[in-house]
Amino acid sequence: MEQKDRQKRIAKLQSLIQELSPKEQSAVIWLIRHFHVATELVKSERMEPDEWETSLHRAIESDDALMKILLLYHKIYWEEQDKIKP
């Protein structure tokens with residue numbers, strides 16, 4: 001079941017990515033990689049969650065495409081979380 005849900009989320013994200021400009025697509029790739037690395041660092045306790053948030057905010061301050069993608073990702077993430085909550 002989890003695998004099927006994950007595949008649905010990936011398909012939804014891929015369809016959204018196709019609608020983006022090349023610069024926005026690059027921002028999505030950067031954000032996903034950054035998030036993955038930061039998640040692993042936080043899990044291994046080599047980085048505090050607030051340190052990751054600070055570095056992400058610094059990166060998006062001057063990049064409108066990255067900000068747009070981050071907001072879209074945040075919206076999708078919380079929509080998925082709302083579906084999971086009892």
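Cβ-Cβ distances below 9 Å connect the following pairs, each with a first residue in the stretch 5-31 that is free of Cβ contacts under 8 Å to residues at least 60 places away in the same chain, a second residue that is part of a helix (DSSP H, G or I) and of a type in the set (Ser, Thr, Tyr), and a separation of six or more residues or different chains: Val28/Tyr73; Leu31/Tyr73.
Among the conditions (1) modelled with pLDDT of 75 or more; (2) surrounded by 15 or more Cβ atoms within 10 Å (Cβ to Cβ), the only one that Leu72 does not satisfy is (1). Counting the residues of the stretch 33-51 that are within 20 Å of Ile76 (Cα to Cα) and surrounded by 14 or more Cβ atoms within 10 Å (Cβ to Cβ) gives 3. Against the list (1) within 13 Å of the chain's Cα centre (by Cα); (2) at pLDDT below 75, the condition Val28 fails is (2).
Would you check if there is a residue in the stretch 60-69 being of a type outside the set (D, E, K, R), exposed (fewer than 13 other Cβ atoms within 10 Å of the Cβ) and modelled with pLDDT of 75 or more? Within the stretch 60-69 (the criterion being of a type outside the set (D, E, K, R), exposed (fewer than 13 other Cβ atoms within 10 Å of the Cβ) and modelled with pLDDT of 75 or more), the answer is no, since none of the residues qualifies.
Could you tell me which of the residues Ser55, Ser15, Ser21 is over 21 Å from Glu79 (Cα atoms) and at pLDDT 80 or above?
Numbers: Ser55 fails: at pLDDT 80 or above; Ser15 fails: over 21 Å from Glu79 (Cα atoms).
That would be Ser21, the only listed residue that is over 21 Å from Glu79 (Cα atoms) and at pLDDT 80 or above.
For the stretch 44-51, state whether one or more residues are more than 13 Å from the chain's Cα centre (by Cα) and at pLDDT below 75. Taking every residue of the stretch 44-51 in turn, at least one turns out to be more than 13 Å from the chain's Cα centre (by Cα) and at pLDDT below 75.
Is at least one residue of the stretch 41-57 of a type in the set (A, V, I, L, M, F, W, C), in a loop (DSSP other than H, G, I, E, B) and out of contact with any Lys or Arg (no Cβ under 6 Å at 6 or more places or on another chain)? So that I can check it myself, show each step before the final result.
Looking only at the stretch 41-57, we keep the residues that are of a type in the set (A, V, I, L, M, F, W, C), and these are 41-42, 47, 52, 56.
Add one more test, that the residue is in a loop (DSSP other than H, G, I, E, B), and what stays is 47.
Okay, now just the ones that are also out of contact with any Lys or Arg (no Cβ under 6 Å at 6 or more places or on another chain), so 47.
Yes, the stretch 41-57 contains a residue that is of a type in the set (A, V, I, L, M, F, W, C), in a loop (DSSP other than H, G, I, E, B) and out of contact with any Lys or Arg (no Cβ under 6 Å at 6 or more places or on another chain).
The values are calculated or read from the model by the stated rules, or taken from the named source; none is laboratory data. Small disclaimer: the values here were computed from a predicted structure and weren't measured. Ideal geometry is used to build each Cβ from the backbone, glycine not excepted, and the neighbour counts take in all protein chains shown.
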